[in-house]
1. Please specify each residue of the range 1-21 satisfying the condition of being of a type in the set (A, V, I, L, M, F, W, C), surrounded by 12 or more Cβ atoms within 10 Å (Cβ to Cβ) and either more than 18 Å from the chain's Cα centre (by Cα) or in a helix (DSSP H, G or I) (or both).
2. Tell me which residues, restricted to the range 23-60, are assigned to a helix (DSSP H, G or I) and surrounded by fewer than 12 Cβ atoms within 10 Å (Cβ to Cβ).
3. Considering only the range 67-74, I want to know if a residue exists there that is part of a helix (DSSP H, G or I), closer than 30 Å to Phe8 by Cβ, touching a residue at least 40 places away in the same chain (Cβ under 8 Å) and not aromatic (Phe, Trp, Tyr).
Amino acid sequence: MSGIALKFTSLLLRTIAKPISVTLKAQAKEHETFRKACIKVAQTVHSTDIKLRMRLLGENKIKIRPLNDKKAIESGANFLLEFFIFLVAGSLILYESNRSRLKANKEKLNTKNDISELQDDIKEVKLLVEQLSSEL
């Protein structure tokens, strides 16, 4: 994929992200299991974030207040959306990298085959030259 196609894909992902985010938040409000998953993800991310920040500041005693459900649902849905976008973008990069590598390997093999054919042709021409020079 060229640089332009990669930029268009990135733009497409960003454009699609907003409606998906709204849909995820609506689903989290309607479905109990998804709501619980969003809350759990958000609380885990929140507590990990606070712990890391406080430890970087040198604080040992850390009291973490959990997020309220509304913030947790929104934060969890956003985190899941960002994770999904990151997963898709990462997959596209890995796919493109693999495709480029396979294309380069194919070109390398074709070049080796061309060189081998040319070397065989040179050998045939040398034999022909030797035969013609011996006839003279």
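Derivation of every value follows stated rules applied to the coordinates shown; laboratory data play no part. Everything numeric in this text was worked out from a predicted model, so none of it was measured. No Cβ is skipped: glycine too gets one built from the backbone with ideal geometry, and neighbour counts run over all protein chains shown.
1. Pass one, the range 1-21, residues of a type in the set (A, V, I, L, M, F, W, C): 1, 4-6, 8, 11-13, 16-17, 20.
Next, only the ones that are surrounded by 12 or more Cβ atoms within 10 Å (Cβ to Cβ) stay: 1, 6, 8, 13, 16-17, 20.
Of everything in the range 1-21, those that are of a type in the set (A, V, I, L, M, F, W, C), surrounded by 12 or more Cβ atoms within 10 Å (Cβ to Cβ) and either more than 18 Å from the chain's Cα centre (by Cα) or in a helix (DSSP H, G or I) (or both) turn out to be Leu6, Phe8, Leu13, Ile16, Ala17, Ile20.
2. Residues satisfying the conditions are Ala26, Glu30, Glu32, Thr33, Thr48, Asp49, Leu52, Arg53, Arg55, Leu56.
3. Taking the range 67-74 and keeping what is part of a helix (DSSP H, G or I), we get 69-74.
From the residues that got through so far, the ones that are closer than 30 Å to Phe8 by Cβ too are 74.
Among the residues that remain, those that are also touching a residue at least 40 places away in the same chain (Cβ under 8 Å) are: 74.
Remaining after also requiring not aromatic (Phe, Trp, Tyr): 74.
Yes, the conditions are met somewhere in the range 67-74.
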